[in-house]
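Comments concern the structure below.
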Amino acid sequence: MTNTANKDVMAIEKNYEQLDPTAQKYLLVCSFLALYTPIPIDLISIVVESENEDGVIASLQQMTDLNLLEKTSDGFQIQPHIASFVQGKFDSKKLKEILGITAKGMETICKSMDSPTEMLPYVKHADTLAQKTQLNKLAVSGFLSGYVGNYWLSEGNIQEAVLFYRRALLIIEKFSGIDSAEYTEHLNNLGSALHKIKKLEEAKKCFEQVVITDKKVLGNDHPAVAIGLNNLGQVLLELNNIDGAVLHLENALKINTHHYGLNHPLVASGFYNLGMALFDVGNLERAKVELTQALAIRQNIYGDLHPSVAESHHGLGMVFQTIDNITEAETNYRQAIKIWENDKKPENIQLAASYTNLGGILHVKGDYSDANVYYLKGLEIFEVCLPANDKTIRDLRLQIKLLDHKISMPELLEKMESGENLSPELISLLDEIFGAESKGK
């Protein structure tokens, strides 16, 4: 060690000795957190069991004045050489004890948060603590890894979320086993992440194991079982196993209705999911009943202008459009559009679908100008949210071309089937339509 390094250590030692034992504990807690990252004052308060945050801040300021912490515009933070020095002052048993207390304090904070905005100040610290507690064989590392996974999932970084969920499951399996509610909670989250990136068979296996284990551990009628059944039903829908999806969604709805009564968000979502599954299988009358029930519950809970109410209107619009009740379909699409436009989420793919479906109704009615307006609004969103060669975008562009000829697809097909002579432009458009379909297969 050089003379300069010796002097630096001596200076740190001298400043450290000016701290009382409580402040030294504060600094030890800080040493376990992410480097160069604002220190959460509430975490320090929880770990040292102090309700006096002003006192904690004053102590951190004292450490800053002694060059043991840095202070930026975002708050206090610790540097690596200070963290190493402080941890060198304690034996391994004490270090593990305070690390465990710090991690449990982080767990307490994290359990109260859902939104990415709330989670953001804690994510780096949770990740750092997860790694350190895993190395020290502390069970809390599983929860913290899962929490970081939740953050990345909410931010749309699905691949990163999958990595953290897999890490969490490995840790939880070691400490709690696979037959535990904690394990199935994180397995459910992994399944949801895999579902989002269309790894459907992997997601299905996750949800199947969740349902089996939760039934075994919690009982057949526990609300956690309903969560797994609902998620499994959603994946089966995308795998085109519609009958299996309907069965699982019905069972999930039955459990939630029993536990929560009719007037509950989960029950409303259950009616909606079941209604859409029944729509996919072609049971339109029953789909209409389930979706109407979902709409009524959501209006009762949230009022008329909530996004979930818009979702129910959109689903009903699809049912009414399919059974040729065009008036009711148009009314429901317009209601959905009104709510979603008021919600001001520019990349809402459901809003794009309502625009497109309403445009389709107006197109068939011969209201070409308004149809074009809604088609273009839908196309603008789809082009942001979907790949450029997505079938939805291709089909919508073809509908817009049909508008240019003031003809709808049913009318064009009718002319073709009747043997009517078509203009070269319409023949070219038919070739484009059926050529696009063959390419998409």
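The values are calculated or read from the model by the stated rules, or taken from the named source; none is laboratory data. As the structure is a computational prediction, the values presented were derived from the model and not from experiment. Cβ atoms come from the backbone with ideal geometry, glycine included; neighbour counts cover every protein chain shown. When the accessible area is computed, the model is the full protein with side chains, heavy atoms only, and any ligands, DNA or RNA have been set aside. Shrake-Rupley method; radii C 1.70, N 1.55, O 1.52, S 1.80 Å.
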In region 184-204, what residues are over 30 Å from Leu386 (Cβ atoms) and buried (at least 23 other Cβ atoms within 10 Å of the Cβ)? Thr184, His186
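Of the residues Glu330, Glu425, only one is of a type outside the set (Val, Ile, Thr) and either touching a Pro at 6+ places or on another chain (Cβ under 8 Å) or open to solvent by 50 Å² or more (accessible area, probe 1.4 Å) (or both); which?
Values: Glu330 fails: either touching a Pro at 6+ places or on another chain (Cβ under 8 Å) or open to solvent by 50 Å² or more (accessible area, probe 1.4 Å) (or both).
Result of the check over Glu330, Glu425: Glu425.
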Name the pairs: first residue in region 351-370 and farther than 13 Å from Lys406 by Cβ and free of Cβ contacts under 8 Å to residues at least 24 places away in the same chain, second residue part of a helix (DSSP H, G or I) and open to solvent by 60 Å² or more (accessible area, probe 1.4 Å), Cβ to Cβ under 9 Å, at least 6 apart or on different chains? none
Out of the residues in region 268-299 that are open to solvent by 30 Å² or more (accessible area, probe 1.4 Å) and among the small types (Gly, Ala, Ser), which is farthest from the chain's Cα centre (by Cα)? Gly282
For region 69-94, enumerate the residues that are in contact (Cβ under 8 Å) with a residue 60 or more places away in the chain and either within 22 Å of Phe143 (Cα to Cα) or among the β-branched types (Val, Ile, Thr) (or both). Ile82, Val86
Suppose we filter region 47-57 for residues that are open to solvent by 60 Å² or more (accessible area, probe 1.4 Å) and closer than 14 Å to Ala23 by Cα; how many remain? 5
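Inspect all residues belonging to region 40-58 and state whether any of them is free of Cβ contacts under 8 Å to residues at least 40 places away in the same chain and part of a strand (DSSP E or B). Spell out the reasoning first.
The initial filter retains those residues of region 40-58 that are free of Cβ contacts under 8 Å to residues at least 40 places away in the same chain, namely 41, 44-45, 48-58.
Keeping just the survivors that are part of a strand (DSSP E or B) gives none.
The answer is no; no qualifying residue exists.
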Quick check on region 229-265: of everything there that is farther than 20 Å from Ser192 by Cβ and of a type in the set (A, V, I, L, M), which residue is surrounded by the fewest Cβ atoms within 10 Å (Cβ to Cβ)? Leu262
Six or more apart or on different chains, Cβ atoms under 8 Å: show the pairs whose first residue is in region 287-310 and over 17 Å from Trp340 (Cα atoms) and among the basic types (Lys, Arg) and whose second is assigned to a helix (DSSP H, G or I) and open to solvent by 20 Å² or more (accessible area, probe 1.4 Å). Lys288/Phe320
Of (1) touching a His at 6+ places or on another chain (Cβ under 8 Å); (2) farther than 25 Å from Leu144 by Cα, Leu200 fails just (1)
With the condition kept exactly as written, say whether any residue in region 298-313 is in contact with a Leu (Cβ under 7 Å, 6 or more places away or on another chain), small (Gly, Ala, Ser) and assigned to a helix (DSSP H, G or I). yes
Reported set for region 69-105 where residues are open to solvent by less than 30 Å² (accessible area, probe 1.4 Å), among the small types (Gly, Ala, Ser) and not in a strand (DSSP E or B) is Ala83, Gly100, Ala103, Gly105
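Test Ile12 against the criterion of being in contact with a His (Cβ under 9 Å, 6 or more places away or on another chain) and either open to solvent by less than 40 Å² (accessible area, probe 1.4 Å) or closer than 26 Å to Asp127 by Cβ (or both), and give yes or no.
On the way: in contact with a His (Cβ under 9 Å, 6 or more places away or on another chain): yes; either open to solvent by less than 40 Å² (accessible area, probe 1.4 Å) or closer than 26 Å to Asp127 by Cβ (or both): yes.
Yes.
If you check Ala168, Ala139, Ala161, which single one turns out to be over 24 Å from Tyr36 (Cβ atoms) and open to solvent by 40 Å² or more (accessible area, probe 1.4 Å)?
Numbers: Ala168 fails: open to solvent by 40 Å² or more (accessible area, probe 1.4 Å); Ala161 fails: open to solvent by 40 Å² or more (accessible area, probe 1.4 Å).
The conditions single out Ala139.
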Contact list please: Cβ distance under 7 Å, first residue in region 216-232 and without any contact (Cβ under 8 Å) to a residue 60 or more places away in the chain, second residue open to solvent by 40 Å² or more (accessible area, probe 1.4 Å) and not in a helix (DSSP H, G or I), pairs at least six apart or on different chains. Lys216/Asp179; Val217/Asp179
Helices (runs of 4 or more DSSP H) within region 327-418 that include 1 or more residues of a type in the set (S, T, N, Q): 349-365, 368-385, 391-404
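Tally the residues that are over 17 Å from Glu330 (Cα atoms) and either of a type outside the set (Gly, Ala, Ser) or outside any helix (DSSP H, G or I) (or both), restricting the search to region 285-297.
The first filter runs over region 285-297 and keeps only residues over 17 Å from Glu330 (Cα atoms), leaving 285-287, 289-290, 293-294, 296-297.
Narrowing the set further to residues that are either of a type outside the set (Gly, Ala, Ser) or outside any helix (DSSP H, G or I) (or both) leaves 285-286, 289-290, 293, 297.
Final tally of qualifying residues: 6.
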Going through region 247-281 one residue at a time, which ones are closer than 11 Å to Val319 by Cβ and either touching a Gly at 6+ places or on another chain (Cβ under 9 Å) or of a type in the set (Gly, Ala, Ser) (or both)? Gly275, Met276, Phe279
When region 19-38 is examined, which residues are found to be under 39 Å from the mean Cα position of the chain (by Cα) and assigned to a helix (DSSP H, G or I)? Lys25, Tyr26, Leu27, Leu28, Val29, Cys30, Ser31
